[in-house]
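What follows is a single structure, written as structure tokens, with notes after it.
No lab work stands behind these numbers, since they all come straight from the coordinates. Note that the coordinates shown come from a computational prediction; the quantities given were computed from them, not determined experimentally. Here the Cβ positions follow ideal geometry from the backbone for every residue, glycine too, while neighbour counts run over all protein chains shown.
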Amino acid sequence: MSSDEDFSLVTDPEPSEHSLKGVKASIKEYKKKYDELVQEQKELVDAAKDHQVLTEQFKKRIEKLTRDLEDDKCSYSIQLADEKEKLCVLKQEEHDLKIEIQKMQAALEEQEAQNASLREQTDVFSSMPERNFIFAGSTGDSDKWRSFEMKPHIIYPMEGGTALITFEEEDVARNILTKKKHKVDLGGECSVTVEARPVHLMLPSTVEIDSDVCPCRILISNLPKMETDPLMNKLEIHFSKKKHGGGEVDDCEFLPDSGNVVITFMKSNIARGLVEKEFHEVKLQKNYHTVRVTPFLNGKITNLETKFTMCPRTVLLTGIPDIMEPETLQDMLEIHFQKNGNGGGEIEAFLYNPPGHHSEAIFGSGSTENEE
């Protein structure tokens, strides 16, 4: 070794990337990175799968929650509709109950008014004037205990040239009406033809009367036998004085059928006080006499139904001419319709109205009268 050669310690240089070792080292490095990337990709794939599974679970849960929500909405709607229907039913029941309560209150008020009226009438009937009654031994049908008797007083206007005949038997009246035309012989060759017609009267079939206590009137009973005018004067003077509980008298009326007196006051607060006291000492003649004061009832017809009824025994004769004296003609007609040969019979009443005259027949209790 020459002296001019440099002697140095040479180490192996780092392998170049283009060298075999460098290439191997790069491959190893890239392989490592690849393995890491593969691992990361695998982890990403696993994470994606996990996310997909979670997504599917969340979707299913959302769908279930949506279905449950829809079911809840439907159930709530049905329940709400049921509750609204129940509320409407309850409101209707409440309205019906209010109406029923109003009806019951009105009925109760009406019943209380009726009870008050009945109590008032009971007080009236219990304080009516005393009268003596005697049982004569006659009995009647118990079904007619509510009925009352009315005296007939029917005015029947008659035209001129007519007559009314009332027979004792209904059969005779039917025979006269059946024949209709009757030729009446007036003597000689004179005769007249009259026509028989039925008589129809308007009679009441149903009568309802409502009564109440008159606030201005009193009924005075238990009166002594004395002249009417002095009696009424004494009573009017006594009950017109305030110290006796009276007041200004408007009218004083005597009732001849009962012998009682009705006094009407100008004010309506006087009668009640006199009725409550009931018995009063009144100087009528030389001495004081105890009279009884009771309420006075007003009657009012609340229902009246009428019907036409044919008189069973009375016949109307028409077409009677004015050819002789009325009395003579009436006698001739009565004689004709009394004969059995003419279809007549016994006559109870006969009323003739000549032509040109105005008459009224009054049908009463079995009697027929004439009022010019």
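If you add up the charges near Pro312, with Lys and Arg at +1 and Asp and Glu at -1, over every other residue whose beta carbon is less than 13 angstrom from its beta carbon, what do you get?
Details: positive: Arg174, Arg313; negative: Glu168, Glu169, Glu170, Asp171, Glu348.
Net charge in that neighbourhood comes out at -3.
Sequence-distant or interchain residues sharing an amide H contact under 5 Å with Asn260, placed H: which?
Hits under the 5 Å cutoff: Leu255.
What's the ranking of 188-198, 31-41 by average number of surrounding C-beta atoms within 10 Å, highest first? Intermediate values should be presented prior to the final figure.
Numbers: 188-198: 13.5, 31-41: 10.2.
With the highest mean Cβ count within 10 Å placed first, the list reads 188-198, 31-41.
Tally Lys and Arg at +1 and Asp and Glu at -1 over the other residues with C-beta under 13 Å from the C-beta of Asp68: what net charge comes out? Can you show the working numbers first?
Numbers: positive: Lys60, Arg61, Lys64, Arg67, Lys73; negative: Glu63, Glu70, Asp71, Asp72.
Within the 13 Å Cβ shell, the charges total +1.
Could you give each residue of region 20-36 its phi-based ³J(HN,Hα) in whole Hz, using Karplus coefficients 6.51, -1.76, 1.60 with θ = phi - 60°, and x for Gly or Pro?
Taking θ as phi minus 60°, the curve returns 5, 5, x, 5, 5, 5, 5, 4, 5, 5, 5, 5, 4, 5, 4, 4, 5 Hz for region 20-36.
Using a Cα-Cα cut-off of under 20 Å, which lysines could be cross-linked to Lys84, ignoring same-chain neighbours fewer than 8 residues away?
Lys73
If amide H atoms are built 1.01 Å from N in the plane of the peptide, which residues on other chains or at least 5 residues away come under 5 Å of the amide H of Val184?
Val192, Thr193, Val194
So what J values fall out for region 195-212 if you push phi through Karplus, 6.51 cos²θ - 1.76 cosθ + 1.60 with θ = phi - 60°, rounded to Hz, Gly and Pro as x?
Along region 195-212, the couplings run 10, 9, 10, x, 10, 10, 10, 8, 10, x, 9, 9, 10, 10, 10, 9, 10, 8 Hz.
Tell me which residues come under 5 Å, amide H to amide H, from Cys214 once H is placed; ignore anything under 5 positions away on its chain.
Phe296, Leu297, Asn298
Can you give the local net charge around Glu170? Use residues other than it whose beta-carbon is closer than 14 angstrom to its beta-carbon, Lys and Arg +1, Asp and Glu -1. Walk me through the numbers on the way to the answer.
Values: positive: Arg174, Arg313; negative: Glu168, Glu169, Asp171, Glu346, Glu348.
Net charge in that neighbourhood comes out at -3.
What is the distance in Å between the Cα centres of region 18-36 and region 230-249?
If we compute the Cα centre of each part, the gap is 153 Å.
Between their Cα atoms, which of Lys179/Lys339; Lys241/Lys300; Lys183/Lys307; Lys225/Lys277; Lys241/Lys283; Lys28/Lys49 are more than 25 Å away from each other?
Details: Lys179/Lys339 15 Å; Lys241/Lys300 31 Å; Lys183/Lys307 33 Å; Lys225/Lys277 23 Å; Lys241/Lys283 13 Å; Lys28/Lys49 31 Å.
Distance filter (> 25 Å) returns Lys241/Lys300; Lys183/Lys307; Lys28/Lys49.
What list of ³J(HN,Hα) couplings, whole Hz, do you get for region 65-72 from phi and the Karplus terms 6.51, -1.76, 1.60, once you set θ to phi - 60° and write x for glycine and proline?
5, 5, 4, 4, 5, 5, 4, 5
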